[in-house]
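What follows is a single structure, written as structure tokens, with notes after it.
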Amino acid sequence: MTPVQPPFPALRFRRLRRSAALRALAQEHVLGVGDLIWPLFVRDGVGVEEPVASMPGVARLSIDKIVRAAEEAAALGIPAVCLFPYTDPSLRTETCEEAWNPENLANRAIRAIKAAVPEIAVMTDIALDPYNANGHDGLVRDGVILNDESVEALVRMALAQAEAGADILGPSDMMDGRIGAMRQALEAAGHKDVAILSYSAKYASAFYGPFRDAVGASGRLVGDKKTYQMNPGNADEALRLVARDLAEGADMVMVKPGLPYLDICRRVKDAFGAPTYAYQVSGEYAMIRGAADRGWIDGEKAMMESLLAFKRAGCDGILTYFAPQAARLLRQL
């Protein structure tokens, strides 16, 4: 599209910036509460709210507290929460069998939320790192992350979460072929309505550190995740991964991290027109919150500007730890 623009002074861009009313009328992209998904960390216990030091304002919550958070989200109009478990170290093994235990922490939290707040959508994480003795998203043998064996384990995990009542499954493992295997298994088991939001373009990023602290994986990771997560230097590969996941049955796709990869969000949305999400990851959150806590930036304005950037880049929604704070501000507008 070639814009038709008369020369100055017939064209003055400042005319539509002159007042709040005119700016609102001319605004191209709008952030709404319905765009937010709130990631929550769940741990065992009762009445527990355990702060995560590297993520100011974020805590690991026991299931009773997670239910209260879900109730808060629903009251604010946030449509979904996403659960990440902090698994007891004694349950983390090299075979990861706790990942598909129907009574594991995540599955108990799913059932508790759906019983108390049935209207909110519950999204889950599908990866083996919270259950793995060596911190990897897949099974490991002789230092090699196994693909096909990991997919079998992840399918069992997906079925257990669907049976517990999850609305959206979030495979974040980056194993090849896992979306097709999960979709086939879900259909066969009668879970035809369970949605898959695939972490299709998940990069091997330095921005995940605080998250690994939150789920207790930081000190356990042996090596790195570069053999299965994406090279930050690649962009075309992201489109190939999204195309594959959509072809295998993903309903929605995600780019992770968010702000450093807005170009990828834009390309994915333009290329496929599919529901596209981004994860404003723990490192992004920690940088904004840390600078705000020190008075170096206006925290609220930086938060809202960063979230609006995702909408401008074509995202249909954002996973963000800022969700409740952003929702409160949006409801005041």
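In table form, for the structure just shown:
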| item | result |
| --- | --- |
| Test: residue 50 is under 27 Å from residue 254 (Cα atoms), at pLDDT 95 or above and surrounded by fewer than 18 Cβ atoms within 10 Å (Cβ to Cβ) | no |
| All positions within the stretch 95-128 that are farther than 27 Å from residue 324 by Cα and either part of a helix (DSSP H, G or I) or at pLDDT below 95 (or both) | 97, 98, 99, 100 |
| Near pairs, Cβ below 7 angstrom, 6+ apart or cross-chain, from the stretch 228-252 (closer than 17 Å to residue 172 by Cβ and in contact (Cβ under 8 Å) with a residue 60 or more places away in the chain) to any residue that is among the acidic types (Asp, Glu) and buried (at least 17 other Cβ atoms within 10 Å of the Cβ) | 228/137 |
| Any pair with Cβ under 8 angstrom, 6 or more apart, that starts in the stretch 1-30 at a residue that is in contact (Cβ under 8 Å) with a residue 24 or more places away in the chain and ends at one that is not hydrophobic (A, V, I, L, M, F, W, C) | 28/312; 29/311; 29/312; 30/311 |
| Only one of 135, 190 that is surrounded by fewer than 24 Cβ atoms within 10 Å (Cβ to Cβ), out of contact with any helix residue (DSSP H, G or I) (no Cβ under 6 Å at 6 or more places or on another chain) and at pLDDT below 95 | 135 |
| Verdict on residue 57 being of a type outside the set (Asp, Glu) and touching a residue at least 24 places away in the same chain (Cβ under 8 Å) | yes |
| Subset of the stretch 203-217 that is over 11 Å from residue 52 (Cβ atoms) and in contact with an Asp or Glu (Cβ under 8 Å, 6 or more places away or on another chain) - its residue that is surrounded by the fewest Cβ atoms within 10 Å (Cβ to Cβ) | 204 |
| Unique match (being at negative phi, at pLDDT 95 or above and part of a loop (DSSP other than H, G, I, E, B)) among 297, 288 | 297 |
| Of all residues in the stretch 60-111 being free of Cβ contacts under 8 Å to residues at least 24 places away in the same chain and crowded, with 18+ Cβ neighbours inside 10 Å, the one that is farthest from residue 330 (Cα to Cα) | 62 |
| Pick from the stretch 215-244, criterion β-branched (Val, Ile, Thr) and assigned to a loop (DSSP other than H, G, I, E, B), ranking: nearest to residue 83 (Cα to Cα) | 215 |
| Residues (in contact with a strand residue (DSSP E or B) (Cβ under 9 Å, 6 or more places away or on another chain), in a helix (DSSP H, G or I) and of a type in the set (A, V, I, L, M)) located in the stretch 194-214 | 214 |
| Subset of the stretch 160-193 (residues that are in a helix (DSSP H, G or I) and closer than 24 Å to residue 256 by Cα) | 161, 162, 178, 179, 180, 181, 182, 183 |
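The values are calculated or read from the model by the stated rules, or taken from the named source; none is laboratory data. Remember, it's a predicted structure, so these values are computed and weren't measured experimentally. All Cβ positions, glycine included, derive from the backbone under ideal geometry; neighbour counts span all protein chains shown.
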